[in-house]
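Q: Please see the structure below; I have some questions.
The values are calculated or read from the model by the stated rules, or taken from the named source; none is laboratory data. All values derive from a computational prediction rather than experimental measurement. Using ideal geometry, Cβ is built from the backbone for each residue, glycine included, and neighbour counts are taken over all protein chains shown.
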Amino acid sequence: MANSKEIFSNNLKSLLIKNKISQSKICKDLNIKPTTFSGWITCKTYPRINNLEKISKYFNIPISNLIEGENNFDIYKKLNDIVFILENSGKDKKITFNGDCITNDVANIINTSLKNTIRLINDIVSYYTPQ
């Protein structure tokens, strides 16, 4: 079971991806130190209430959407977490698949494929889910 730092980190990463906002942009917009923000993303630290309020206002969502986990397994979130990793891994970090290192070119192909898959799933779910 995920702890509160992991839940917040996952929710924050999903919001960044969904809204196509970079870490540097939100840090600049909210006047948050990048090292502080990085601590939240990597589950090392947890934000104070004033920062939770800033983030919730920024995304126009309740604080509960930032700090509460879900009772179901959200495929969308998991796929977007992988996209986030692929897009934000620096040259100094190695990405592996099943224990084998992959090149940046392979990571870019996987990233593009996942984004296309996410779009396709969104279309399928929208079409086949009763309103």
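Q: For segment 35-53, how many residues are farther than 15 Å from Asn11 by Cα and outside any loop (DSSP other than H, G, I, E, B)?
A: So the answer is 4.
Q: Testing Lys93 on (1) modelled with pLDDT of 85 or more; (2) not in a helix (DSSP H, G or I), one condition comes back false. Which one is that?
A: Against the list (1) modelled with pLDDT of 85 or more; (2) not in a helix (DSSP H, G or I), Lys93 comes up short only on (1).
Q: If I ask for residues that are free of Cβ contacts under 8 Å to residues at least 12 places away in the same chain, exposed (fewer than 13 other Cβ atoms within 10 Å of the Cβ), assigned to a helix (DSSP H, G or I) and under 16 Å from the mean Cα position of the chain (by Cα), which ones from segment 15-33 would you list?
A: Ser24, Lys25
Q: Sticking with this structure for a sec: Checking Lys57 against (1) surrounded by fewer than 16 Cβ atoms within 10 Å (Cβ to Cβ); (2) assigned to a loop (DSSP other than H, G, I, E, B): exactly one of these is not met. Which one?
A: (2)
Q: Then there's this: Residue under question is Ile110, and the condition is that it be out of contact with any Phe, Trp or Tyr (no Cβ under 9 Å at 6 or more places or on another chain), surrounded by 14 or more Cβ atoms within 10 Å (Cβ to Cβ) and either among the hydrophobic types (A, V, I, L, M, F, W, C) or more than 16 Å from Ser9 (Cβ to Cβ) (or both); does it hold?
A: Numbers: out of contact with any Phe, Trp or Tyr (no Cβ under 9 Å at 6 or more places or on another chain): no; surrounded by 14 or more Cβ atoms within 10 Å (Cβ to Cβ): yes; either among the hydrophobic types (A, V, I, L, M, F, W, C) or more than 16 Å from Ser9 (Cβ to Cβ) (or both): yes.
Considered against the rule, which asks whether it is out of contact with any Phe, Trp or Tyr (no Cβ under 9 Å at 6 or more places or on another chain), surrounded by 14 or more Cβ atoms within 10 Å (Cβ to Cβ) and either among the hydrophobic types (A, V, I, L, M, F, W, C) or more than 16 Å from Ser9 (Cβ to Cβ) (or both), Ile110 comes out as no.
Q: Is it fair to say Ile41 is β-branched (Val, Ile, Thr) and either in the same structural domain as Ile118 (by TED's automatic domain parsing) or touching a helix residue (DSSP H, G or I) at 6+ places or on another chain (Cβ under 6 Å) (or both)?
A: Taking the combined requirement at face value, the residue satisfies it.
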